[in-house]
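This report concerns only the one structure given below.
The values are calculated or read from the model by the stated rules, or taken from the named source; none is laboratory data. Small disclaimer: the values here were computed from a predicted structure and weren't measured. Glycine gets a Cβ as well: all are built from the backbone with ideal geometry, and neighbour counts include every protein chain shown. These accessible areas exclude ligands, DNA and RNA; they are computed on the full protein's heavy atoms, side chains included. Shrake-Rupley method; radii C 1.70, N 1.55, O 1.52, S 1.80 Å.
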Amino acid sequence: MNRKQELNAFIKECITKALIELMENKPLEDITVTELVKKAGVGRVSFYRNFESKEDVLRKQLDSLLEEWGEDYNSRNDPAYFLESLLNHYYTNKDFFLLLYRRGLSTLMYESIRQVMKIDESENNIERYAKSTIAGLIFGAVDEWMRLGMKETPQEIIFLTSQLQNQRENIR
């Protein structure tokens with residue numbers, strides 16, 4: 001990475017951190033770009049060179065976290081590790097995810113789950129609906145976990161979901 005790219009990455013990081021800090025005390029819609037760039041210590045031009053909107057800042061942060069998760073998941077080369085790694089990802093970054101939840105922005109997380117599932121790249125409707133169902137189940141469980149404050153560890157959530165599977169099998 002050259003000096004210019006490093007500076008731009010630093011500016012993006014400053015804007016992202018500033019927005020997250022401001023969101024601790026204010027809803028996203030009440031935060032102005034002027035207030036954001038002042039807190040970040042950058043100019044408005046830097047904001048608009050890197051982001052389309054305040055929501056775009058959050059989406060790009062989600063993308064960055066998603067990329068980190070993907071590296072962890074792919075390093076294991078084990079499809080069975082999917083749920084555990086995803087829950088660990090949310091838990092490791094729970095302050096950020098709980099902030100999004102508290103501010104009514106959990107739909108951004110749902111969009112990121114859909115992105116992970118590569119629903120838009122589906123070959124046919126069967127695959128699309130199957131992936132959408134899984135994405136909805138994951139989001140539903142994560143959404144409830146966040147609603148309850150993410151008090152359980154990922155391992156406890158996996159245990160709880162396995163208990164659901166066992167109950168379903170006993171009903172048959």
Item to complete: Please find, among 120, 143, 56, the residue that is open to solvent by 50 Å² or more (accessible area, probe 1.4 Å) and over 11 Å from the mean Cα position of the chain (by Cα).
Response: 120
Worksheet item: In this structure, is residue 94 within 23 Å of residue 29 (Cα to Cα) and open to solvent by 50 Å² or more (accessible area, probe 1.4 Å)?
Response: yes
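Sort out which residues of the range 125-156 are among the small types (Gly, Ala, Ser) and touching a residue at least 40 places away in the same chain (Cβ under 8 Å), and write them in order of number.
149
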Discussion item. Checking the condition free of Cβ contacts under 8 Å to residues at least 24 places away in the same chain, touching a Gly at 6+ places or on another chain (Cβ under 7 Å) and among the aliphatic types (A, V, I, L, M), which residue from 37, 33 passes?
Written reply: 37
Worksheet, complete the sentence: Only unsatisfied item for residue 5, checking (1) out of contact with any helix residue (DSSP H, G or I) (no Cβ under 8 Å at 6 or more places or on another chain); (2) open to solvent by less than 90 Å² (accessible area, probe 1.4 Å); (3) not aromatic (Phe, Trp, Tyr), is (2)
Worksheet item: Restricting attention to the range 21-43, does a residue exist that is open to solvent by 90 Å² or more (accessible area, probe 1.4 Å), closer than 17 Å to residue 61 by Cα and assigned to a helix (DSSP H, G or I)?
Response: yes
Fill in: Test for residue 17: is it buried (at least 19 other Cβ atoms within 10 Å of the Cβ), of a type in the set (Lys, Arg) and under 13 Å from residue 61 (Cα atoms)
no
Response to the item:
Filtering the range 146-157 down to residues that are surrounded by fewer than 18 Cβ atoms within 10 Å (Cβ to Cβ) and assigned to a helix (DSSP H, G or I) yields 147, 155, 156
Worksheet entry | Boolean, residue 83 is open to solvent by 60 Å² or more (accessible area, probe 1.4 Å) and touching a residue at least 12 places away in the same chain (Cβ under 8 Å) | yes
